[in-house]
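Remarks on the structure that follows.
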């Protein structure tokens, strides 16, 4: 596919853009990324309000959106879905439109919709996944090991800890941190090893400082932002013996489960919201276990869905090009 013939449509949310990029990577295409700025009231009602949408959307740098239209468009997130949908009107059958995540409208407004099971949508053009699309596969992990080779010098077992923030899934506060640290301290006393820790953009600064200070007593690395150097995330997943991930992020859970390490989560109270069903489904399919089970030696099976989704999309795209509606 020639340059410019594929678009990734981003609403600016890093997690959403990451899913679209992962799908493009699995399709083997070099896509142009458009980061949208959507004016009110279209932003509020996206992707429902199409009238006047052309004038309401710009790229973040102010560049207007116009032809030549792409042959393939991949959007992720509700605001991105406004442009993905509008391309059906502007480009017609010349653009095959893929929307990731529940667009909150009839999925038939797009050529294909890719949505996790917990979004609760279905239809003949809906591709259902268990987790989120992500780039984690054998090649990605091998690249991570090479790029962050020094992590392999840390003592084993290497426990990666991916820490998010409070949301409907779980309250991540000082009490949660202390309960998690108590279990990890006991494990380290038994078996030694090291800790590879990363906070997220959502982690409150005070909690990140608490974590940094607590993990300083053990061998390992701590990444809390650009001040700690290049983000070693790929290395943290690639070199881990086990990965402890807080239950508040679909992307972090899915990517931990896609690794070769034992993926586990920790909760001090029942997991809430849509995350309850996701965590339960991952556990039921042996892609995830709880922390105590992991520390006792449990293993998990990698969850890698992106390549399969890409194969279905590629087939549908090829068929649409051969037999336009």
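The values are calculated or read from the model by the stated rules, or taken from the named source; none is laboratory data. Note that the structure is predicted; figures quoted are calculated from it, not measured. Cβ atoms come from the backbone with ideal geometry, glycine included; neighbour counts cover every protein chain shown.
Condition test on residue 201, is it surrounded by fewer than 18 Cβ atoms within 10 Å (Cβ to Cβ) and either modelled with pLDDT of 95 or more or more than 21 Å from residue 270 (Cα to Cα) (or both)?
On the way: surrounded by fewer than 18 Cβ atoms within 10 Å (Cβ to Cβ): yes; either modelled with pLDDT of 95 or more or more than 21 Å from residue 270 (Cα to Cα) (or both): yes.
The answer is yes for residue 201.
Considering only residues that are closer than 23 Å to residue 250 by Cβ, touching a helix residue (DSSP H, G or I) at 6+ places or on another chain (Cβ under 7 Å) and assigned to a helix (DSSP H, G or I), which ones fall in the range 17-42? Scanning the range 17-42 gives 18, 22, 23, 26, 27. For residue 196, the test of being touching a strand residue (DSSP E or B) at 6+ places or on another chain (Cβ under 6 Å), crowded, with 22+ Cβ neighbours inside 10 Å and modelled with pLDDT of 95 or more is passed. Just give me the residues in the range 210-221 being assigned to a helix (DSSP H, G or I) and either touching a strand residue (DSSP E or B) at 6+ places or on another chain (Cβ under 8 Å) or surrounded by 13 or more Cβ atoms within 10 Å (Cβ to Cβ) (or both), in sequence order. Matches in the range 210-221: 210, 211, 212, 214, 215.
Taken residue by residue, the range 17-37 has no member that is in contact with a strand residue (DSSP E or B) (Cβ under 7 Å, 6 or more places away or on another chain), crowded, with 22+ Cβ neighbours inside 10 Å and more than 27 Å from residue 321 (Cβ to Cβ).
On inspection, residue 42 qualifies as in contact with a strand residue (DSSP E or B) (Cβ under 8 Å, 6 or more places away or on another chain) and assigned by TED's automatic domain parsing to the domain that holds residue 311.
Scanning for something surrounded by fewer than 16 Cβ atoms within 10 Å (Cβ to Cβ), farther than 26 Å from residue 138 by Cα and not assigned by TED's automatic domain parsing to the domain that holds residue 99, does the range 228-241 turn up at least one residue?
Of the range 228-241, the ones surrounded by fewer than 16 Cβ atoms within 10 Å (Cβ to Cβ) are 228-231.
Checking the rest, the ones that are also farther than 26 Å from residue 138 by Cα come to 228.
Checking the rest, the ones that are also not assigned by TED's automatic domain parsing to the domain that holds residue 99 come to 228.
For the range 228-241, residues surrounded by fewer than 16 Cβ atoms within 10 Å (Cβ to Cβ), farther than 26 Å from residue 138 by Cα and not assigned by TED's automatic domain parsing to the domain that holds residue 99: present.
Taking the numbered list (1) over 25 Å from residue 312 (Cα atoms); (2) without any contact (Cβ under 8 Å) to a residue 40 or more places away in the chain in turn, residue 33 passes all entries but (1).
Look at residue 93 and say whether it is touching a helix residue (DSSP H, G or I) at 6+ places or on another chain (Cβ under 8 Å), surrounded by fewer than 22 Cβ atoms within 10 Å (Cβ to Cβ) and outside any loop (DSSP other than H, G, I, E, B). In short, yes. From the list 164, 206, 224, pick out the single residue that is in contact with a helix residue (DSSP H, G or I) (Cβ under 9 Å, 6 or more places away or on another chain), within 25 Å of residue 15 (Cα to Cα) and surrounded by fewer than 16 Cβ atoms within 10 Å (Cβ to Cβ). Unique residue meeting the criteria: 206.
Report, by residue number, each residue of the range 136-171 that is within 18 Å of the chain's Cα centre (by Cα), within 23 Å of residue 298 (Cα to Cα) and not in a helix (DSSP H, G or I). Full working, then the answer.
Narrowing the range 136-171 to residues within 18 Å of the chain's Cα centre (by Cα): 136-141, 144, 160-169.
Retained after the next criterion (residues that are within 23 Å of residue 298 (Cα to Cα)): 136-138, 141, 160-163.
Once the filter is applied, which keeps residues that are within 18 Å of the chain's Cα centre (by Cα), within 23 Å of residue 298 (Cα to Cα) and not in a helix (DSSP H, G or I), the range 136-171 yields 136, 137, 160, 161, 162, 163.
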